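Working notes for the structure below.
Please treat every number below as a calculation from the coordinates, not as lab data. Not measured: the values here are computed from a predicted model. Note: ideal-geometry Cβ built from the backbone for every residue, glycine included; neighbour counts use all protein chains shown.
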Amino acid sequence: MSSYCEFAPGQPFHGEYHEQAYGFPLEHDDALFGRLLLEINQAGLSWLTILKKQEGLARAYAGFDVDRVAAFDERDRARLLGDANVIRNRLKIDAAIENARRIQALRPTHGSFRGWLDAHHPLSLEEWTRLFRRTFRFTGGEIVKEFLVSTGYLPGAHHVDCPVYPRVLAAGPPWHRG
């Protein structure tokens with residue numbers, strides 16, 4: 001099986017994600033929350049499906065604004081369940097709303113979602129997975145792994161011979177900072 005670095009370049013949707021987003025650190029909570037939402041929505045589906053729906057997901061989830069999603073109510077749940085631009089799965093929708101609320105709950109002790117991630121870094125994948133399962137909803141091992149790799153908290157997004165790898169290193173991913 002080929003790696004993402006071999007497969008993605010030149011592919012619609014995958015190419016841009018591989019070259020501009022995958023493995024690069026994210027600074028802001030809304031961006032981190034958005035990536036977590038994408039990974040949760042991908043469960044059981046292809047990544048291509050999620051990349052194609054990314055803009056629709058962002059619109060439906062208020063630009064991945066943590067505070068706005070945390071305020072979603074039953075009307076918003078019903079709207080999301082009827083929106084063909086999102087993954088219409090009640091468990092995933094409920095997890096998105098609840099996880100936004102849980103990110104808000106991290107602020108008094110860690111300042112932000114990123115602050116919480118940084119406070120626990122570095123951990124092994126197993127430790128991260130246990131921590132995410134205690135803290136968030138719908139965060140199994142594969143979701144946690146891909147979220148952490150895609151946001152630079154764990155290595156593995158790119159092969160060292162991938163042309164994107166030096167750019168990721170220059171961006172200072174947490175796994176490289178130690």
- Message: I need the shape label for region 4-177. Rule: rounded when a/c is under 1.5, else prolate if a/b > b/c, else oblate, with a, b, c from the alpha carbon gyration tensor.
- Response: oblate
- Note on the structure: Sequence order, region 91-102: Karplus ³J(HN,Hα) from phi using 6.51 cos²θ - 1.76 cosθ + 1.60, θ = phi - 60°, Hz rounded, Gly and Pro as x, gives 5, 5, 5, 4, 5, 4, 5, 5, 5, 4, 5, 6
- Query: Over the chain, what relative contact order in percent results from Cα pairs under 8 Å that are six or more residues apart?
  - Reply: 29 percent
- State the extension gain, in nm to one decimal, for the chain segment bounded by ALA170 and GLN104, taking 0.36 nm per residue of separation less the distance between their alpha-carbons. 20.7 nm
- Message: At a 10 Å Cβ-Cβ cut-off, how would you order SER46, SER112, fewest neighbours first?
- Response: SER46, SER112
- Message: Using the Karplus curve 6.51 cos²θ - 1.76 cosθ + 1.60 with θ = phi - 60°, what ³J(HN,Hα) values do you get for each residue of region 42-53, in whole Hz, with x for Gly and Pro?
- Response: 6, 3, x, 10, 7, 5, 4, 4, 5, 4, 5, 9
- Between LEU26 and residues 5 or more places away or on another chain, the pairs with built amide H atoms under 5 Å apart involve none
- Report, in deg cm²/dmol and to the nearest 500, the calculated mean residue ellipticity at 222 nm for the chain, where each DSSP H run with n ≥ 4 adds -39500 (n - 2.57) and the sum is divided by the residue count. -18000 deg cm²/dmol
- Stokes-Einstein D for region 25-79 (25 °C, 0.890 mPa s, Kirkwood Rh from Cα pairs), in µm²/s, comes to 208 µm²/s
- Between the alpha carbon centres of region 139-157 and region 64-135 the gap in Å comes to 15 Å
- Among rounded, prolate and oblate, which fits region 94-162 when a ≥ b ≥ c are the square roots of the eigenvalues of its C-alpha gyration tensor, a/c under 1.5 means rounded, and a/b larger than b/c means prolate? prolate
- Item | Label-point gap, in nm, between ASN85 and HIS28 - each point 7 angstrom along Cα→Cβ | 1.9 nm
- Item | HN-Hα J in Hz across region 142-153 - Karplus 6.51, -1.76, 1.60, θ = phi - 60°, x for Gly and Pro | 5, 5, 4, 4, 5, 4, 5, 5, 5, 9, x, 7
- List the residues of region 31-64 whose backbone N lies under 19 Å from a point placed 7 Å from the Cα of HIS121 along the Cα-to-Cβ direction. 31-39
